[in-house]
1. What ranking do LEU51, LEU180, LEU15, LEU60 get, fewest neighbouring Cβ atoms within 10 angstrom at the top?
2. For the range 88-195, take the convex hull of the Cα atoms, compute a quarter of its surface area, and give me that in nm², please.
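We did not get these values from a lab; they are worked out from the coordinates using the rules stated. Everything numeric here is computed off the predicted structure, so don't read it as measured data. As a convention, Cβ positions derive from the backbone with ideal geometry for all residues, glycine included, and neighbour counts pool all protein chains shown.
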Amino acid sequence: MGDLKYFQEIPTEQLREQVVEQLKLHYAHDNLSVEEFEQRLERASAAEEKLALLKIVNDLPSISEHTYTAEMSGEKSAALNMGDVRQQQDLVAIFSGTERKGVWYPARNIKILAAFGGVDLDFTQAMLPPGDTYIDAMCVFGGVDMIVPEGVNVEVSGVPIFGGIDNKYGDRRLPGAPTLHINGFALFGGIDVKPAKRRR
């Protein structure tokens, strides 16, 4: 039940707003008929419990406004995880390598330690939590590579000592899009944030 901690912390009204926004997007993209859209809106307005709100959208595919726009333009984009979100995830690579790619579910807070090893995170198909995701990465004679799709905000900060922290993705300010807050410490190591390759 630890995965439900996120929903115990956020206000019910905030979750209701997220559910309503998802319903609007699905209606705009023809995933819901007029009748289905109106029925689900009524259920969302009347729901008093958070789990009841989640049940209104849990049978719908994950979609965001930025996901849809990117798909239409041939770009890769992250989808939103409207289900359970873990609060913390630890990734450790000591004289070894660790990677996450394909469909995976990042936690709200990700702690990374790469010592004489490497960590590769590909967010192209990741189901990101709505809102903010915080990544703290420490590299000591190691490296961390992150691939980020379109439709995601990225903020990078940190301290490199005989190392480097490189944001090739660039700063984005997309209202309502999920945001990766990346804070790094690189000692004789490197942290690289790169954009996903566009589909041909």
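1. Arranged by neighbour count, lowest to highest, LEU51, LEU180, LEU15, LEU60 become LEU51, LEU60, LEU15, LEU180.
2. Value for the range 88-195: 5.6 nm².
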